[in-house]
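Here, each number is a calculation from the coordinates, and none is a lab measurement. Because the structure is predicted, anything quoted here is derived from the model rather than measured. Note that each Cβ is placed from the backbone with ideal geometry, even for glycine, and that neighbours are counted across all protein chains shown.
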Ligand SMILES: [Zn+2]
């Protein structure tokens, strides 16, 4: 079995993980899970970067020993990653003995090779970046990333690494390995940088105690950046376990933020070359995340806690958003509003609804048991196979968003397939029995295949989906499980909605936190004045007169109860020809399927209505509209001059439920 070793950047522990850090870890996790799905012996490394002066200062501020503070933060970070279902195999801390062994080994090799020499560093240093800055890096004399912080002018004895020596070897490596650094935008940036010439870099700091001492001069510690990069190799045994190093080094993939690509695509490979070690196969520099278009920052109040985001709609909905809505490699934006919208569109209305519909139909028509009754539907099976191939192709080049989109093409295809084959019509004709069985089997197969492809992105919910469509959910293998299959019995399970629709939310302007609102009943307007909702507890029957109506127009409870309101689920929807307003719907009302016509075409696209749960007047006399017999009326609020809004539920009850 071939192996795959991937890493994320290790994090400074002077603040808690935020959504931006989580983004990197989730994307890396998706790749790790994808590689496992492909059958690779995968090792996924994450960790914490502890030898930072900022970490040291933070600990002192809190009155803690630095090591004790780092212990606390380790718990914090590990819990966050566990909560987000990030499946790391190893977690390294740079204060561990194995890391010290790796750093000592690598530094010694470079020193012995003559790549490290003693000198005096004099120049600017940004304490917050913990980086030496060249004059040309500064903006108005300040660090561009920390414009409010004066860089310090430092003059101290330092040891330097001969980075300049590696300009040509690096350029040669880039030329020989075009996919060494991705995406192209980063590669081009770094190539320009290397072509412009490289200066030797300082790799030690004098007079500090928090760090790993230089093996040949313990009065200095290894500079935190030099130290941090080595974690990738020390985690697999550099300086300690030759066998382990032999198996896992070089890394297949380093996933890092675009701000630190330079360290990983210039310094790190040069250090490895100097130490006589092979170079990682790929470095991928992902983009940054903004919040509502703004940079994530404490002062702007745009720091989002990933746990809070996951708790709002679920871990998998958050993971899906991060992967599907942001092109991996580019910058992306997160907003609570869009997060809710995508949840409703992709999960509640699309995938979740598909799973519920198919298992409901399988139960209604086939007691939940399906087995192939003929050949699979050609178009759907081909769409599935093509999407699976596209998915693989995309995931192999880290285009995670395209992989997610390919899987969702199967979901869309299955929804269209159901609308086109109309199982509820087939069910009326005994001669179509086999065809109905096959249609349901095909739909369930499409769900299974989509769930397998989405598994790396939404591990827990795809397992649940696979369970519901009666398919294997453990030990998935893409070569086998990623194929369209028309064999085997499936027992489908019916259960509550996977992702209940999230109804309207209110987002305040100056706060990115949201509150879910409108948990109560939607308003129904009969004609003009929008008046209170459906089932307000009725007042005791009052002086109703013989005609059933009081003098002020109010009706009795008995009168109200004559109107039979029921929950209905839209199965199909199409525009009524030559009408701007009318949509023809077929709905499931529990006991039967009905056709009705509703004047909501200006507010709803027919496709968007399929799968929606609505309320209808069940016992209305049939009426003909544009030549179509309408059996019932859909309830909607119709504000003056506005478009109608359908009455809906926070958690849709089953079709046929009485509303009162
Ligand atoms: Zn800075």
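Does the range 97-234 come out rounded, prolate or oblate by the C-alpha gyration tensor, with a ≥ b ≥ c the root eigenvalues, rounded set by a/c under 1.5 and, if not, prolate when a/b is larger than b/c and oblate if not?
Oblate is the answer for the range 97-234, as a/c is 1.5 or above yet b/c matches or exceeds a/b.
Write down Rg/Rh for the chain, rounded to two decimals, with Rg from the C-alpha atoms and Rh from the Kirkwood relation over Cα pairs.
Dividing the radius of gyration by the Kirkwood radius yields 1.08.
Helix 184-195 against the longest principal axis of the chain: what's the angle in degrees, Cα atoms only, rounded to the nearest 10?
It is inclined by approximately 10 degrees.
Taking the Cβ of each residue in 613, 657, 302 as the centre, tally the other Cβ atoms inside 10 Å and list the residues starting with the fewest.
Neighbour counts put them in this order, fewest first: 657, 302, 613.
Please give the direction-averaged projected area of the C-alpha convex hull for the range 25-96, in square nanometres with one decimal.
That works out to 5.2 nm², a quarter of the Cα hull's surface.
Would you kindly state how much longer the chain becomes between residue 308 and residue 172 on full extension, computed as 0.36 nm times their sequence separation minus their alpha carbon distance, in nm to one decimal?
This chain segment gains 44.4 nm when fully extended.
Against the longest alpha carbon principal axis of the chain, how many degrees, from 0 to 90 and to the nearest 10, is the axis of helix 459-468 turned?
30
Which distance in nm do the two modelled labels at residue 603 and residue 149 give, with both placed 7 Å along the Cα-to-Cβ direction?
With each label placed 7 Å out from Cα toward Cβ, I get 5.3 nm.
Using the 2.2 N^0.38 Å rule of thumb for compact globular proteins, work out how the range 227-353 stacks up: its C-alpha Rg over that value, please.
1.38
If you count, for each residue, the other Cβ atoms within 10 Å and average over each peptide, how do 242-254, 408-420, 472-484 line up from highest to lowest?
Ranking, from highest mean packing down: 408-420, 242-254, 472-484.
Whole-Å semi-axes of the range 321-369's equivalent ellipsoid, largest first, each the root of 5 times a Cα gyration tensor eigenvalue?
Rounded to whole Å, the semi-axes are 33, 11, 5.
Would you mind calculating the gained length between residue 188 and residue 156 on full extension (0.36 nm times residue separation, minus the Cα-Cα distance), in nm to one decimal?
8.1 nm
Quick one: which of 271-281, 12-22, 640-650 comes out on top by average Cβ neighbours within 10 Å, and what's the full order, highest first?
Going by the mean number of other Cβ atoms within 10 Å, highest first, we get 12-22, 271-281, 640-650.
Expressed as a rounded percentage, what relative contact order does the range 57-136 have, with Cα pairs under 8 Å and six or more residues apart?
Contact order relative to length: 11 percent.
Given bins 10 angstrom wide, list per bin the percent of all Cα-Cα distances in the range 104-170, short to long.
19, 36, 33, 12, 0
Given a Förster radius of 51 Å and the C-beta distance between residue 140 and residue 581 as r, what FRET efficiency does 1/(1 + (r/R0)^6) yield to the nearest 0.05?
Here the calculated transfer efficiency is 0.25.
Can you tell me, using C-alpha contacts under 8 Å and at least 6 residues apart, the relative contact order of the range 99-231 as a whole percent?
25
How far is helix 167-176 tilted, in degrees, relative to the longest principal axis of the Cα atoms in the chain, given as a value from 0 to 90 rounded to the nearest 10?
Around 40 degrees separate the two axes.
Label-point separation (nm) for residue 563 and residue 371, each offset 7 Å from Cα along Cα-to-Cβ?
Result for the modelled spin labels: 5.1 nm.
Compute the orientation-averaged projected area for the range 360-456 from the convex hull of its Cα atoms and round it to one decimal in nm².
6.2
Suppose we keep just the DSSP beta bridges with both residues in the chain; what percent of those would be antiparallel, to 5?
70
Given labels modelled 7 Å from the Cα in the Cβ direction, how far is it in nm from residue 300 to residue 378?
About 5.4 nm separates the two model spin labels.
Ranked by Cβ crowding within 10 angstrom, fewest neighbours first, how are 295, 364 ordered?
By the 10 Å Cβ count, ascending, the order reads 295, 364.
Tell me the relative contact order for the chain as a rounded percent, counting alpha carbon contacts under 8 Å between residues six or more apart.
Rounded, it is 11 percent for the chain.
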